[in-house]
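Visitor: Handing you a structure now.
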Amino acid sequence: MSSVPNQSAQAAPPNLISRIHRRASRRNLFLLLLLAFLLFARFAGSMLVRDRPEKSDVIVVLAGDSQDERYRRGMELLRAGYARHLLLDASSDSRYFGHTPAEYAEAFLRQDAKNKDMSSQVSVCAFELDSTLTETGYVGKCLEPFHPAAVLLVTSDWHTMRARSIFVHHLPQYHWSVAAAKDPRLFDTHWWHRREWAKITFNEWLKVVWWNAVDRWR
C-alpha cells in the first residue's frame, strides 16, 4: 500500500501554517518593541544630557534654576576663560516681595561679581513669558551689542539637549555649544532610582517630542 495518502493526511492545512507564522511574527515584533522600549528607558536620562562647552564670545545662563547651580557653572566657565562676558537670564514679568527676578538678579550680580572682581563681565538679560522658546528672542536682543560669533549656553543637565536645539533653530547666526549644570536633587541619568528624577525625565521627554513634532515647524 502506498504511503502517499498517509503523508497527505498528516500534512498540516495551509491556513493553520499561515496562522502559526502570523503568531510567530506578532510575538517577534512584540519582543523587538519591548527590547527597544527597555533600551530607550535605560538610556532616556543620558540621552537628554549634552555637556560639551566650547570657547565662545558670550556665556548665556538660562533662567529656571532654584539653587544657583546654573549661575555657578557659568561663572566657573567664565573664570576658566571660556568667554569674555556672561549674560544671566531672569524674568521681568512677575514680582515677589515688590521686585522682579531680574531686579533681584541685578542686585545679586552687583555684589557677587564685585566680590569676584568681575563686575564688568556680567549682566542681566531680562525676558518675559517663561519658556525656552520665547526666551530665545530676548537673548537674541541681549547678544546684539556684543556681536558674538559663538555663544555658550549654560542650563540644567536634563535641559541641555532641547535648549541647544531650540537656540540653534531660532538663532542660527551664532555657533552654539552647551554646558550642563548638575542638581542631584532634581535629576540624575539613573532616573529610576528616585521619583523626582523620573518625573523630570518624563516631563522633559514630553517637551522634546512636542518641540520636534509641533513647535519646531511653527
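The values are calculated or read from the model by the stated rules, or taken from the named source; none is laboratory data. Keep in mind that what you see is a predicted model, and the values were worked out from it rather than measured. Every residue, glycine as well, gets a Cβ built from its backbone with ideal geometry; the counts of neighbours run over all protein chains shown.
Visitor: For residues that are farther than 19 Å from residue 143 by Cβ and of a type in the set (D, E, K, R), scanning just the stretch 93-128, find the one that is nearest to the chain's Cα centre (by Cα).
Guide: That would be 93.
Visitor: Of the conditions (1) out of contact with any helix residue (DSSP H, G or I) (no Cβ under 9 Å at 6 or more places or on another chain); (2) among the β-branched types (Val, Ile, Thr); (3) surrounded by 18 or more Cβ atoms within 10 Å (Cβ to Cβ), residue 124 satisfies every one except a single condition; which number is it?
Guide: Among (1) out of contact with any helix residue (DSSP H, G or I) (no Cβ under 9 Å at 6 or more places or on another chain); (2) among the β-branched types (Val, Ile, Thr); (3) surrounded by 18 or more Cβ atoms within 10 Å (Cβ to Cβ), the lone unmet condition for residue 124 is (1).
Visitor: Within the stretch 184-215, which residues are more than 15 Å from the chain's Cα centre (by Cα), part of a helix (DSSP H, G or I) and within 20 Å of residue 69 (Cα to Cα)?
Guide: Within the stretch 184-215, just 196 meets the criteria.
Visitor: If a residue must be touching a residue at least 12 places away in the same chain (Cβ under 8 Å) and more than 10 Å from the chain's Cα centre (by Cα), how many such residues does the stretch 154-177 contain?
Guide: If we filter the stretch 154-177 for residues that are touching a residue at least 12 places away in the same chain (Cβ under 8 Å), which is where we start, we get 154-167, 169-171, 174-177.
Restricting the remaining residues to those that are more than 10 Å from the chain's Cα centre (by Cα) gives 154, 167, 169-171, 174-177.
Qualifying residue count, the stretch 154-177: 9.
Visitor: Right, next: Taking residue 27, is it of a type in the set (Lys, Arg) and either crowded, with 21+ Cβ neighbours inside 10 Å or at pLDDT 85 or above (or both)?
Guide: On the way: of a type in the set (Lys, Arg): yes; either crowded, with 21+ Cβ neighbours inside 10 Å or at pLDDT 85 or above (or both): no.
No, not satisfied.
Visitor: Could you please give the count of residues in the stretch 123-153 that are closer than 9 Å to residue 57 by Cβ and of a type outside the set (A, V, I, L, M, F, W, C)?
Guide: Number of matching residues: 2.
Visitor: From the set of residues in the stretch 129-153 that are in a loop (DSSP other than H, G, I, E, B) and more than 13 Å from residue 163 (Cα to Cα), which is nearest to the chain's Cα centre (by Cα)?
Guide: As a first pass, look at the stretch 129-153 and keep what is in a loop (DSSP other than H, G, I, E, B): 129-131, 147-149.
If we keep only those that are more than 13 Å from residue 163 (Cα to Cα) as well, we get 129-130, 147-149.
Values: 129: 19, 130: 16, 147: 26, 148: 23, 149: 23 Å.
Restricting to residues being in a loop (DSSP other than H, G, I, E, B) and more than 13 Å from residue 163 (Cα to Cα), the top hit is 130.
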